[in-house]
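Structure first, then comments.
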Amino acid sequence: MAHFVIMGCGRVGATLAHTLEDAGHSVAIIDQDDRAFRRLRQGFTGRKVTGVGFDRETLKQAGVGEAYAFAAVSSGDNSNILATRVARETFHVPHVVARIYDPGRAEIYQRLGIPTVAAVRWSADQVLRRILPEQHLAGDFREPSGRLVLAELDLDAGWVGHRISSIEKAADVRVAYVTRFGEGLLPGAGTAYQDGDTVHAMLQVDRSAQIAQILAKAPAKEYQ
């Protein structure tokens, strides 16, 4: 069980809170309007915190210091980005994601190393895929036999600067493409993994857990 903090108790925020609680996790949800908590089901047992989501004291009340992940899904782009940066840079939350309405800002946010999802293609599932590593391996596509899946890889920060080919060799996967600054990129022989990249690879379903364990650690010396 892990602790998750959500900023914004709109439709998406409430869906996230319910999904995470159903999965056995502890949840705190923040909104500056306490009437927003009416969207939560009657049996919701998580923490409800009234306040501004980027305020440090508000975040502390929500338990952000112990949080595994933070999702900012309010209706304001600036508030979401600011709150996400505070969660990551001040409280060192390992997994963060921000909702944005202006796709044109995506490249700026990606350069800050903040995973974002534009509202035009928004869903609670997209957020979960960025804050729950096991969701990455659920896969975007499976070939007919069910043995292979195209999935996002969750990589330790130690892989930044290393070639994509080193990732393939270490985990025994085939990288299909990389999403960088919101655009797809076909990696070449010298392409290196950059901070903010999302790596999509074909892998064997029965090795998903093993692959996740390998890539959740900094690369071994032979891949340095």
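The values are calculated or read from the model by the stated rules, or taken from the named source; none is laboratory data. Just so you know, these numbers come straight off a predicted model, no measurement behind them. Virtual Cβ from ideal backbone geometry, glycine too; neighbours counted across all protein chains shown. Each accessible area value is taken on the protein alone, full model and side chains, heavy atoms only, with ligands, DNA and RNA left out. Shrake-Rupley method; radii C 1.70, N 1.55, O 1.52, S 1.80 Å.
Would you kindly identify the strands (runs of 3 or more DSSP E) lying entirely within the range 18-88 that contain at least 2 residues that are in contact with an Asp or Glu (Cβ under 8 Å, 6 or more places away or on another chain)? First the steps, then the outcome.
Values: elements: 26-31, 47-50, 69-72.
Of the strands (runs of 3 or more DSSP E) lying wholly inside the range 18-88, those with at least 2 residues that are in contact with an Asp or Glu (Cβ under 8 Å, 6 or more places away or on another chain) span 47-50.
Name the single residue, out of those in the range 191-212 being polar (S, T, N, Q) and within 17 Å of the chain's Cα centre (by Cα), that is farthest from residue 176 (Cα to Cα).
Taking the candidates together, the pick is 194.
Going by the structure shown, is residue 177 aromatic (Phe, Trp, Tyr) and either at pLDDT below 90 or open to solvent by less than 60 Å² (accessible area, probe 1.4 Å) (or both)?
On the way: aromatic (Phe, Trp, Tyr): yes; either at pLDDT below 90 or open to solvent by less than 60 Å² (accessible area, probe 1.4 Å) (or both): no.
Here the answer is no, as residue 177 does not meet what is asked.
Here is a list of conditions, (1) open to solvent by less than 60 Å² (accessible area, probe 1.4 Å); (2) out of contact with any strand residue (DSSP E or B) (no Cβ under 7 Å at 6 or more places or on another chain); (3) of a type outside the set (Val, Ile, Thr); (4) modelled with pLDDT under 85, and residue 197 meets all of them except one; can you say which number that is?
The number of the failed condition is (2).
Sort through 171, 151, 157 and tell me the only one that's crowded, with 18+ Cβ neighbours inside 10 Å and within 20 Å of the chain's Cα centre (by Cα). Before you say what the answer is, go through the steps one by one.
Details: 171 fails: within 20 Å of the chain's Cα centre (by Cα); 157 fails: crowded, with 18+ Cβ neighbours inside 10 Å.
Every option except 151 fails the conditions.
Taking into account only those residues within the range 89-102 that are assigned to a loop (DSSP other than H, G, I, E, B) and among the hydrophobic types (A, V, I, L, M, F, W, C), which is most open to solvent (accessible area, probe 1.4 Å)?
First, the residues of the range 89-102 that are assigned to a loop (DSSP other than H, G, I, E, B): 90-94, 101-102.
From what is left, the residues that are among the hydrophobic types (A, V, I, L, M, F, W, C) are 91, 93.
Details: 91: 38, 93: 5 Å².
Here the answer is 91.
Condition check ((1) touching a helix residue (DSSP H, G or I) at 6+ places or on another chain (Cβ under 8 Å); (2) modelled with pLDDT under 95; (3) not basic (Lys, Arg)) across all residues:
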residue: 42; (1), (2), (3): no, yes, yes
residue: 54; (1), (2), (3): yes, yes, yes
residue: 59; (1), (2), (3): yes, no, yes
residue: 67; (1), (2), (3): yes, no, yes
residue: 114; (1), (2), (3): yes, yes, yes
residue: 117; (1), (2), (3): yes, yes, yes
residue: 122; (1), (2), (3): yes, yes, yes
residue: 140; (1), (2), (3): no, yes, yes
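Report yes if some residue within the range 59-71 is farther than 16 Å from residue 96 by Cα and open to solvent by less than 20 Å² (accessible area, probe 1.4 Å); otherwise report no.
No, the conditions are met nowhere in the range 59-71.
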